[in-house]
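FYI, it's all coordinate maths here, none of it is from the lab. Keep in mind it's a predicted model, so treat the numbers as computed, not measured. With ideal geometry, Cβ positions are generated from the backbone for all residues, glycine too; neighbour counts draw on all protein chains shown.
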Ligand SMILES: [Zn+2]
């Protein structure tokens, strides 16, 4: 099986508040082991996490070898105070605090830096994000600062403006990337940025009743079209399911993601897709690792 390039071991695909709450009085190994067992069952031997604020992914990295899993983590994700990201990381207020968090991540052994630069999808309203995201200038500076310190960058990034700024700044991996426009998709396809479009969190909502299916379907269809567009133009794609997100179980989530990805590019091009996904995974394995 392919590696899981976008997971949240702190979450369980059901109820993130309850899942995070299990680690309230210190990291609990039980749920971590449960999730590793699920990956082992699905024959997943590589996992890249998005980090968390409670040291869960740091502990997971210690346990991972027992399950034959090569597990990478940014330790915590970094977000700007007052913006989205509190559930997975630490906040900064101003340039100096950001630099300090990057230094800290590096010092504590992060495999890469994870930044949050945009909002989330509103699944009940096609085309709408929970917030606009950071400015192009802020995004550029965040990526360049991490690169200057020798760290690769994974960015949670939705919306056209933030994505354009991030790709231009030489972002390493773009996560989600919903609602990109044609020019940005062209730029993405020509860039070295690996796109991890995380189709499963949207796809798995279909029929669940939490959101109107016609909105969810529009979101999914648009993203799959964009994946196809970038694939056709030779862009770099990565396989990551956002496992741990609502209705995306560890292990099974990656199979769901792969099924949607194959559907997006068309059955006749699966061999080429496989090759492209393997290439991206090898790059991530080689480059997004603590020094
Ligand atoms: Zn995520």
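Here are a few things to note about the model shown:
- Compactness index (Cα Rg / 2.2 N^0.38 Å), the chain: 0.91
- Estimated purely from DSSP H runs of n ≥ 4, each contributing -39500 (n - 2.57), the mean residue ellipticity at 222 nm for the chain is -13500 deg cm²/dmol once divided by its residues.
- Projected label distance in nm at residue 120 and residue 66, using a 7 Å step from Cα toward the beta-carbon: 3.1 nm
- Of all beta bridges that DSSP places with both ends in the chain, some 5 percent have antiparallel geometry.
- Sorted by Cβ neighbour density within 10 Å, fewest at the top, the residues 137, 287: 137, 287
- Separation in nanometres of the label points that stand 7 Å from Cα toward Cβ, at residue 43 and residue 100: 4.9 nm
- Net length available on complete extension from residue 289 to residue 206 is 26.3 nm, with 0.36 nm assigned per residue and the Cα-Cα distance removed.
- Quotient of the Cα radius of gyration of region 33-133 and 2.2 N^0.38 Å, N being its number of residues: 1.23.
- Measuring r between the beta carbons of residue 186 and residue 34 and using R0 = 45 Å, the FRET efficiency lands at 0.60.
- For the peptides 266-275, 95-104, the ranking by mean Cβ contacts within 10 Å, running from highest to lowest, is 95-104, 266-275.
- On the basis of the beta-carbon distance and an R0 of 51 Å, residue 24 and residue 268 show a calculated FRET efficiency of 0.55.
- Each DSSP beta bridge with both residues in region 35-147 is either parallel or antiparallel, and the antiparallel ones are about 10%.
- Cβ crowding within 10 Å ranks 224, 261, 151 as 224, 151, 261, fewest other Cβ atoms first.
- Anisotropy class of region 237-288 from Cα gyration tensor, a/c 1.5 cut: oblate
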